[in-house]
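What follows is a set of notes on a single structure, which appears directly below.
What follows draws every value from the coordinates through simple rules; no lab data is involved. This is a predicted model, so every value here is computed, not measured. Cβ: placed from backbone, ideal geometry, glycine included. Neighbour counts: every protein chain shown.
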Amino acid sequence: MIKILFKKSQDGKSFICEISGHAGQNETGMDIICSASSILAFTLAQNVVDSNKEGKLSKKPTIELKEGWAKIVAKPKKDYVAEILNEFISIKRGYELLAINYPQYVQFDKPQGFQNK
């Protein structure tokens, strides 16, 4: 089971995405659910890296991508909060769709503090 969590940091200034586990839908290398989950994580990680290079983050992001585990944390500068939040919300929607279509393989925890405002 892949578990997905989107949340804000305790101070509310950083956006966090954590992914853990394996779908188990098929053997390694043939698991389309894990592949879909991975590409969403890699896309968010690259977007965060690009945002950092463009000077939109107030500190270096945390990006951990390992087999069966990913954690991506971004702390945007004040002028870029809406833009960075939107990047996280777009990827969050992809994970929501995975969970809706494959609930036996993906558990999507209710996002904590993610409103599109």
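The figures follow:
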read-out: The chain, dipole about Cα centre (Lys/Arg Cβ +1, Asp/Glu Cβ -1), debye to the nearest 20; value: 620 debye
read-out: Dipole-positive endmost among 41, 4, 16 within the chain (Cβ charges, Cα centre); value: 16
read-out: 3J(HN,Hα) from dihedral phi, region 32-46, Karplus parametrisation 6.51/-1.76/1.60, rounded to Hz, x for glycine, proline; value: 5, 6, 4, 4, 4, 4, 5, 5, 5, 5, 5, 5, 4, 4, 5
read-out: Separation between Cα centres of region 35-76 and region 1-33, rounded to whole Å; value: 12 Å
read-out: Antiparallel DSSP beta bridges within the chain, as percent of all bridges there, nearest 5; value: 80 percent
read-out: Label-point gap, in nm, between residue 60 and residue 109 - each point 7 angstrom along Cα→Cβ; value: 2.7 nm
read-out: Distance histogram in 5 Å bins (all Cα pairs of the chain, percent per bin); value: 2, 12, 24, 24, 18, 11, 6, 3, 0
read-out: Cα-based reach from residue 56 at 18 Å (exclusive), listing aspartates and glutamates while leaving out same-chain residues under 8 positions away; value: 79, 83, 87
read-out: Of 7/53; 53/110; 3/59; 8/77; 3/53; 3/66, those spanning more than 25 Å from alpha-carbon to alpha-carbon; value: 53/110; 3/59; 3/53
